[in-house]
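Student: Dropping the structure in here first, questions after.
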Amino acid sequence: MHPTLPSSSGPASASGPVPASGLILGIESSCDETAAAVVRRGAEVLSNVVASQVRTHAPYGGVVPELASREHLQNIVPVVRTALEQAGCSLEDLDAIAVTEGPGLAGALLVGVMYAKGLAFALNKPLIAVNHLEGHIHAVLLEAKKQQQTLAQPTLALVVSGGHTHLYLAEETQATWRYKNIGRTVDDAAGEAFDKVAKLLGLGYPGGPWIDWLAQHGDPRAVPFGPITVKQKPYRAPQQQSPRFLFSFSGLKTAALRYVQTHAMAQTIAARHQTLAEIADAKPADALALCNTETLNLIASFQRAVVEDLARKTFAAAETFHSASIVVSGGVAANRELRQHLLAEGRRRSLPVIFPSLELSTDNAAMIAAAAWPKFVAGDVATAALTAEPSLSLG
Amino acid sequence: MSEAIPMDDKVRVFTTHSAEETIEAGRELAKFLDPPKVVLLRGDLGAGKTTLVKGIAAALGAAEPDEVTSPTFTLIHEYAGRSVEHAKLGETILLYHLDLYRIENQRQLDTLGMEELMTPQSVLLIEWGEKFPSVVERSDGEIVIETLHGDERRIALALHPPKTSG
């Protein structure tokens, strides 16, 4: 059986296995979500399932973090089955199985890796290992393909979530993607800063949506946070001093804490926390009446400082590395102010800026299946020795 | 940074006035963290827990300070370094920085695989470990960071006397 090479929607290669259906099953279990998806030729999402959506009996409202590997173990079979069902295909129809090998939590990653290995072995199909961070970049490429946009290269990728804040220069040469890490946080990830400031103010978890919603009711210039500068460390050898765009959100978090302390806000925060705890499935809108102007201004100013910092360094990196487009991914990509700010600045500079849809910006398996496609075409398959790589880096 | 007179031979106290000094205190503290060790790392939001780990990791040659980031979301960060102690000079040390803030119950903790990290070469620094009696029980001591005023921090390392076997 020698079908033709992938259609025009996918990259072609003279080498590597010849795809039959173009279908790749992606599996992701690096942290909180157990996820599976079927994607055709790295472009067409046939299904994209995360466990938190499948489960009907969540112990309490919202997403329950699946921190423990046992949760992944319970979820992986139903999640994969649902992904195949929704895609209308069987295991035999697949061309390959793709799985996140890292970075992430060892026990959680192992569940996905072992399951994918077993599946690939039983089906005698290729196994493809994908870096979670590479997956986030491909989430946006997937979105661009969906909107039939061609992405000018090289592209600068801002991956920004609860666990990551990274800048990568990404480029496709001969159907292979190459990445160079040019920026990262030196302490907290941006999403973590949102979570911690939300907690500090007695708001819900995860903090991003709360801060984002409440920020629109405050004055973003009321508290003069920022700009955030990170000193290049003198212990770095000169060749390592080459442009690095370093983020730091720990200081901003502490500044917010100090503001709360010096403005004697503890009592109103405790009251707010108490009131919200008594509301079943509390939403950010429920908190509005519980926040005075001072609190709303603090929230708006904090978010403005984070967004301005991400934007400033991202565009500086784009300029330094002459990138032709910017892609933004990870949970914080859902932040409305970040979207507006980056899109507006991109228009001003005639630099296309692309965000994924919400379901593609948070952890998902469609991005893993999409990132696996060029590897599959290039014959870049994993061996049976594949294992979880908790500290895996990219570029 | 100033090191106060130890209250006894098991407690060491540092007072620092900046993030840089807290990193320096971490470098000093690393000398007392010979593996295997499980140490609780306590301090309020913004106290400088990650900053202190930067110094400890740097002293062990495990990571540059700006490579050590918060494990709040990612839960476990691993750094491989070498002992700087004379007796064990050059021996591998695996430094684990954990944050149990997001771990809600013992069942989640059980499947986190912490036991597997506790090897003879390991030093575990655990934030929010005090939430779990099982972790407190396993610990060899604690590092407590207190915010005094402004940027001033009091950092105290207290190690329990070695447990007698049997």
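Only the coordinates and a few stated rules stand behind these numbers; no lab work does. From a predicted model like this one, the values you see are computed outputs, not experimental measurements. All Cβ positions, even for glycine, are placed from backbone atoms using ideal geometry, and neighbour counts span all protein chains on display.
Student: My understanding is that a pair violates if its Cα-Cα distance is over 20 Å; which of A:Lys253/B:Lys131; A:Lys253/B:Lys49; A:Lys125/A:Lys180; A:Lys145/A:Lys375; A:Lys125/A:Lys145 do that in this structure?
Tutor: Distance filter (> 20 Å) returns A:Lys253/B:Lys131; A:Lys125/A:Lys180; A:Lys125/A:Lys145.
Student: Continuing with this model, one more query. Using the Cα centre of chain A as origin and beta-carbon charges of +1 (Lys, Arg) and -1 (Asp, Glu), tell me which of A:Ser52, A:Ala385, A:Ile354 is placed farthest towards the positive end of the dipole.
Tutor: A:Ile354
Student: Please list the non-local residues whose amide H lies under 5 Å from the amide H of A:Glu389, H modeled 1.01 Å from N, same-chain partners needing a gap of 5 or more.
Tutor: A:Gly102
Student: Then there's this: How high is the relative contact order of chain A, in percent, with contacts defined as C-alpha pairs under 8 Å that are six or more residues apart?
Tutor: This gives 27 percent for chain A.
Student: Moving on. Using Cβ counts within 10 Å as a stand-in for footprinting exposure, how do A:Val159, B:Val38 rank, fewest first?
Tutor: B:Val38, A:Val159
Student: Could you size up the charge dipole of chain A around its Cα centre, putting +1 on the beta carbon of Lys and Arg and -1 on that of Asp and Glu, and report it in debye to the nearest 20?
Tutor: Around 1000 debye, computed over chain A.
Student: Once amide H atoms are built 1.01 Å from N in the peptide plane, which residues 5 or more positions from A:Ser325, or in another chain, come under 5 Å H to H?
Tutor: Answer set, sorted by chain and number: A:Leu156.
Student: Between Rg and the Kirkwood Rh of segment B:78-124, both from Cα atoms, what is the Rg to Rh ratio?
Tutor: Taking Rg over the Kirkwood Rh, I get 1.11.
Student: Suppose R0 equals 22 Å. What FRET efficiency, 1/(1 + (r/R0)^6) with r the Cβ-Cβ distance, do A:Ser21 and A:Arg81 give to the nearest 0.05?
Tutor: 0.75
Student: Just to check I understand the Karplus step: with θ = phi - 60° and J = 6.51 cos²θ - 1.76 cosθ + 1.60, what whole-Hz values come out for segment A:204-217, glycine and proline as x?
Tutor: Computed from phi, the couplings for segment A:204-217 are x, 10, x, x, x, x, 5, 4, 4, 6, 6, 4, 5, 9 Hz.
Student: Roughly how big is segment B:8-49's charge dipole about its Cα centre, with Cβ charges of +1 (Lys, Arg) and -1 (Asp, Glu), in debye to the nearest 20?
Tutor: Charge dipole, segment B:8-49, about its Cα centre: 200 debye, nearest 20.
Student: From largest to smallest, what semi-axes in whole angstrom does segment A:190-351 give when each is the square root of 5 times an eigenvalue of its alpha carbon gyration tensor?
Tutor: Three semi-axes, in Å: 32, 18, 13.
Student: Using modelled backbone amide H atoms (1.01 Å from N, in-plane), which distant-in-sequence or interchain residues come within less than 5 Å of A:Asp380's amide H?
Tutor: none
Student: Would you mind ranking A:Ser301, B:Ser70, A:Ser391 so that the residue whose beta carbon has the fewest other beta carbons within 10 Å leads the list?
Tutor: A:Ser391, A:Ser301, B:Ser70
Student: How much length is gained on full extension from A:Thr293 to A:Arg349, taking 0.36 nm per residue of separation minus their Cα-Cα distance?
Tutor: Gain on stretching A:Thr293 to A:Arg349: 16.7 nm.
Student: Now, a different point. Give me the log10 of I(q) over I(0) for chain B at q = 0.08, 0.15, 0.16, 0.18 Å⁻¹, as the Debye formula computes it from C-alpha points; what are the numbers?
Tutor: Here the Debye-derived log intensity ratios amount to -0.21, -0.79, -0.90, -1.16.
Student: Which of A:Leu290, A:Gly331, A:Ser21 sits closest to the plus end of the dipole of the protein assembly as shown, meaning its Cα is farthest towards the positive end, when Lys and Arg get +1 and Asp and Glu get -1 on the C-beta?
Tutor: Of A:Leu290, A:Gly331, A:Ser21, it is A:Ser21.
Student: In terms of Cα to Cα distance under 12 Å, which aspartates and glutamates are near enough to B:Lys31, apart from those fewer than 8 places away along the same chain?
Tutor: B:Glu85
Student: Using helices alone, I'd like the mean residue ellipticity at 222 nm for chain A: each DSSP H run of four-plus residues gives -39500 (n - 2.57), total over residue count, nearest 500.
Tutor: Result for chain A, helices only: -13000 deg cm²/dmol.
Student: How long is the gain from A:Phe321 to A:Gln267 if the chain were fully straight, where each residue apart is worth 0.36 nm and the alpha carbon distance is subtracted?
Tutor: Fully extending the segment from A:Phe321 to A:Gln267 adds 14.6 nm.
Student: With θ taken as phi - 60° and the coefficients 6.51, -1.76 and 1.60, list the Karplus ³J(HN,Hα) couplings across segment A:36-44 in order, rounded to whole Hz; mark glycine and proline as x.
Tutor: Here the 3J(HN,Hα) series is 9, 7, 10, 10, 8, 6, x, 9, 10 Hz.
Student: Report the Cα centroid-to-centroid distance between segment A:182-202 and segment B:42-65 in angstrom, as an integer.
Tutor: 17 Å
Student: In nm, what is the difference between 0.36 nm times the number of residues separating A:Arg258 and A:Gln340 and their Cα-Cα distance?
Tutor: Between A:Arg258 and A:Gln340, full extension yields an extra 26.6 nm.
Student: How do B:Asp66, B:Asp34 line up, fewest other C-beta atoms within 10 Å first?
Tutor: Ordered from fewest to most neighbouring Cβ atoms within 10 Å, B:Asp66, B:Asp34 come out as B:Asp34, B:Asp66.
Student: If we restrict to alpha carbons, what Rg and Dmax does the protein assembly as shown come to, in Å?
Tutor: Radius of gyration, then largest Cα-Cα span, for the protein assembly as shown: 23.9, 79 Å.
Student: Straight-line reach from A:Lys117: which aspartates and glutamates fall under 18 Å, measuring Cα to Cα and dropping same-chain residues less than 8 apart?
Tutor: Cα-Cα hits under 18 Å: A:Glu28, A:Glu92, A:Asp93, A:Asp95, A:Glu101, A:Asp380, A:Glu389.
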